[in-house]
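So the structure is just underneath, and the comments pick up after that.
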Amino acid sequence: MTSTAPATAGISAHPEAQRRTLTVLVASQVLSGAGLAAGITVGALLAQDVLHSTDLAGLPSALFTAGSALAALAVGRVSQAHGRRPGLAAGYFTGALGSVGVIAAAALGSPVLLFLALFVYGAGTATNLQARYAGADLAAPAHRARALSTVLVATTLGGVIGPNLAAPTGDLAVTLGIPRLAGPFLLAGAAYFLAAAVLFLWLRPDPLLLARAQQEAAPAPISVTEPTSAADPVAAAEQRRPGVVLGALVMIVTQLVMAAIMTMTPVHMHDHGHGTAASGLVIAVHVGSMYLPSPLTGWLVDRYGRLAVAAASGLTLLAAGIVAAAAPADSVALLALALALLGLGWNFGLLSGTAIITDAVPLATRARTQGLVDVSIAIAGATGGLASGMVVSAASYPVLALTGGVLSLAVLPAIAVTAHRR
């Protein structure tokens, strides 16, 4: 008979399976990080080149973020029905197909195919984020944020290497007769395909299915926010709802602000004479700060609470917006600092929000709810990416950055209300 005592004591009931799960997820995230960063680095520049306008330079970010919204829903539903392994593998494989489509569209000079392929490419972004939930399925409640952080930090290596390969992959693309800006998508396609293969072949046992089997064998509350009276489903739903809403709000706001400022930074730099290598460096710093602090953030969330770190995300994003707005256009160092703060604020928001959601949702509906929440996050990112180009065209990059920073403070009242209720 399986006992829930270890989980209650802060130890996973299946430590060997949890270690294997984290190992496989780390390997896949290293690969997918490179694919994720490729589109961020050159997507806006590719659109600007095709459309000959800055107005819709945020369209690629909006498209692959919108694509990630649909993919998040699909990955969540497949995972709910069949487990994390098929859901995540299918998502990365779809992202690989989108990368191939971008390369073909660039070679053929087809804007319609390019934008359709960018939409499909967004599946890789959604899957990269959905993978974090798999790291928490078998984790004890007291260690959930640290398990989430282990998965997220693995994205750092690929995410930092990917943008810095923009120039050499561009050279390779030219050698192959493909437009230079499509070069990073060669890397993205290969990286996403390998990530899909790693998950499909080695994510066994499936963490979500094993966690459900554990709960069925010994039905006991495994969430730190489970209601004391399991016999009252209405009371249970009422207790969970504020957690789901708050966790979603924190992640939606941080994604919106991050996507808006991040999308237009390479365009801002390009318009002021910086080359692809400089913008690639800044984006590499940004992606690194999105994921590298994850172990520390996970410890902070578990040690000091979800709400404290969620509040810190809003304040950090405000600082990022102020620095980006004040940075001279010729200062790569200050723009890199602004993007580093932007990534750190996003990291705080994602980990604290994810922990809040995971605590609040039971295993029976966890994957589906997580997928729906990630749809909202993706829509927020698409909105930020699309609106960013319009704001810069109508006003300026500093106005965009400062507006985003102020908007990030929207999470603080909701956090204060939740803290007061508790």
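Throughout, read-outs are computed from the coordinates displayed, never taken from laboratory work. Predicted model, so just to flag it, every value in this text is computed and none were measured. Backbone-built Cβ (ideal geometry, glycine too); neighbour counts: all protein chains shown.
For the range 292-362, what D do you get in µm² per second when you plug the Kirkwood radius from alpha-carbon pairs into Stokes-Einstein at 20 °C and 1.002 mPa s?
Details: Rh = 12.7 Å.
In µm²/s, the coefficient is 168.
Measure off 7 Å from each Cα along the Cα-to-Cβ vector at S110 and A410, then give the distance between these two points in nanometres to one decimal.
For the pair S110/A410, the computed spacing is 3.7 nm.
Using 7 Å Cα-to-Cβ label points, what is the W299/H420 separation (nm, one decimal)?
3.4
Tell me the relative contact order for the chain as a rounded percent, counting alpha carbon contacts under 8 Å between residues six or more apart.
Result for the chain is 26 percent.
Taking K and R as +1 and D and E as -1, what net charge do the other residues with C-beta under 14 Å from the C-beta of G353 add up to?
Values: positive: R132, R144, R306; negative: D359, D374.
Local charge sum for G353: +1.
What value, in deg cm²/dmol to 500, does the helix sum -39500 (n - 2.57) over DSSP H runs of n ≥ 4 give at 222 nm once divided by the residues of the chain?
Value at 222 nm, helices only: -28000 deg cm²/dmol.
Given that just one value was derived from the coordinates, which of (i) 4, 19, 25, 22, 16, 9, 4, 1, 0; (ii) 5, 22, 31, 24, 13, 4, 0; (iii) 5, 24, 34, 23, 10, 3, 0 is P(r) over Cα pairs in 10 Å bins from 0, in percent?
So the structure-derived entry is (iii).
For L363, L148, L201, what's the fewest-to-most ordering of other Cβ within 10 Å of each Cβ?
Ascending Cβ contact count within 10 Å gives the list L201, L363, L148.
Could you pull out every whole DSSP H run in the chain that spans at least 18 Å of Cα extent along its own axis and averages -1.0 or higher on the Kyte-Doolittle scale?
Details: long enough: 15-51 (52 Å, 0.85); 59-82 (33 Å, 0.93); 84-108 (36 Å, 0.97); 111-136 (40 Å, 0.98); 184-202 (27 Å, 2.01); 233-271 (56 Å, 0.85); 276-291 (22 Å, 1.29); 306-326 (31 Å, 1.79); 332-360 (42 Å, 1.70); 366-394 (42 Å, 0.84).
Flagged H segments are 15-51, 59-82, 84-108, 111-136, 184-202, 233-271, 276-291, 306-326, 332-360, 366-394.
Could you compute the net charge surrounding A142? Neighbours are other residues with a C-beta less than 13 Å from the C-beta of A142; K and R count +1, D and E count -1.
Values: positive: R144, R146, R303, R306; negative: D302, D359.
So the environment of A142 carries a net charge of +2.
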